[in-house]
């Protein structure tokens, strides 16, 4: 719960910055309603009647630091936020959406998370210094006051939570870079394969945000199928369901289904993640198909999955390696063979560095 309120407060700060920029630029005020409500882009992970669970990427302060590559490899984390559905809109798992927080709630979030603590800190420091004339004591006392403030805030978290209601809206592509669409009118398909925690989702997000691709997730498809079967949601279940679907239909059944969805939409599509050679061969029937593969050092990848903290990532390093080895090769065409898929890839990226390094590799591949 504390993580969720932290996400909401962070989005509140983002809104506050938007309001500040709009105040400085009156010519943009006619768009204030639209700009103040689009807060964060995310991916639908579950649909529950009038609410949906949206996965968003939350950046730490390190994300903009030029020295971030010498620190921890993951300065982004994934959070799941439950949002209300307005109107008659329908959403599907894997769909890219906007997570909306109303402007008034954003201002309250900034007040609670930043303004009040700052006032408490400043007032406590000045008051203590006037009494003691000791800077060290004043600093310690002011920090203590801020700690007490947040402890009190924690006791009221359920009341605070009711003031921050998220809504989900459809994505628009008006602000996206669509250079890939300018070469011709054909639909582009990019498949993503790679090792666990290597950065497949990061590449997907980049293609969505910079080129307007629609996201089609094998994991999301398997999640819905596992729920339909009443099975526990974990990696072993997903592998079992995927192998069963391929055995009953074809080695490329899952990605064929996702491709049919993408074809019906007609937009450029990224399919995450391709795991069997049969899926690659089927997708290559589209002449505009490219397969991207991504890899990284195992220890770095394990740190990343621990930090993203999804329900299927709570495993030891040994189990992590075992899971990966099981998925890397198989003689059964219906079973996962990520190693062979990576050999079939058009481009293989090494993601041991920072985000900018990975983005540069992706851009080089697209430019070719």
Pick from 63, 113, 124, 46: which is in contact with a helix residue (DSSP H, G or I) (Cβ under 8 Å, 6 or more places away or on another chain), modelled with pLDDT under 70 and surrounded by 12 or more Cβ atoms within 10 Å (Cβ to Cβ)?
-> 63
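Would you say residue 203 is closer than 19 Å to residue 280 by Cα and either at pLDDT 90 or above or assigned by TED's automatic domain parsing to the domain that holds residue 323 (or both)? Break it down stepwise before answering.
Values: closer than 19 Å to residue 280 by Cα: yes; either at pLDDT 90 or above or assigned by TED's automatic domain parsing to the domain that holds residue 323 (or both): yes.
Here the answer is yes, as residue 203 does meet what is asked.
Free of Cβ contacts under 8 Å to residues at least 24 places away in the same chain and either closer than 19 Å to residue 216 by Cβ or in contact with a strand residue (DSSP E or B) (Cβ under 7 Å, 6 or more places away or on another chain) (or both): which single residue out of 284, 308, 275 fits that description?
Details: 308 fails: free of Cβ contacts under 8 Å to residues at least 24 places away in the same chain; 275 fails: free of Cβ contacts under 8 Å to residues at least 24 places away in the same chain.
The unique qualifying residue is 284.
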Out of curiosity, is residue 222 assigned by TED's automatic domain parsing to the domain that holds residue 256, modelled with pLDDT under 90 and out of contact with any strand residue (DSSP E or B) (no Cβ under 8 Å at 6 or more places or on another chain)?
-> no
Here are some conditions: (1) within 17 Å of residue 242 (Cβ to Cβ); (2) not in a loop (DSSP other than H, G, I, E, B). Residue 264 meets all but one. Which one does it not meet?
-> (1)
Only one of 175, 163 that is at pLDDT below 85, in a loop (DSSP other than H, G, I, E, B) and closer than 22 Å to residue 44 by Cβ | 175
Out of (1) assigned to a strand (DSSP E or B); (2) within 16 Å of residue 201 (Cβ to Cβ), what's the single condition that is false for residue 291?
-> (2)
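Going through segment 239-256 one residue at a time, which ones are assigned to a helix (DSSP H, G or I) and either free of Cβ contacts under 8 Å to residues at least 24 places away in the same chain or under 16 Å from residue 216 (Cβ atoms) (or both)?
Initially, segment 239-256 is screened for residues assigned to a helix (DSSP H, G or I), giving 239-248, 253-256.
Result: 240, 241, 242, 244, 245, 248, 253, 254, 255, 256.
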Of the residues in segment 334-364, how many are in a helix (DSSP H, G or I), in contact (Cβ under 8 Å) with a residue 40 or more places away in the chain and either buried (at least 16 other Cβ atoms within 10 Å of the Cβ) or outside the structural domain of residue 206 (by TED's automatic domain parsing) (or both)?
-> 8
Residue 274 passes all but one of the listed conditions (1) part of a loop (DSSP other than H, G, I, E, B); (2) modelled with pLDDT under 90; the exception is number (2)
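The values are calculated or read from the model by the stated rules, or taken from the named source; none is laboratory data. The structure presented is a predicted model; accordingly, all values stated were derived computationally and were not measured. Positions of Cβ are generated from backbone atoms using ideal geometry, with glycine treated the same way; all protein chains shown enter the neighbour counts.
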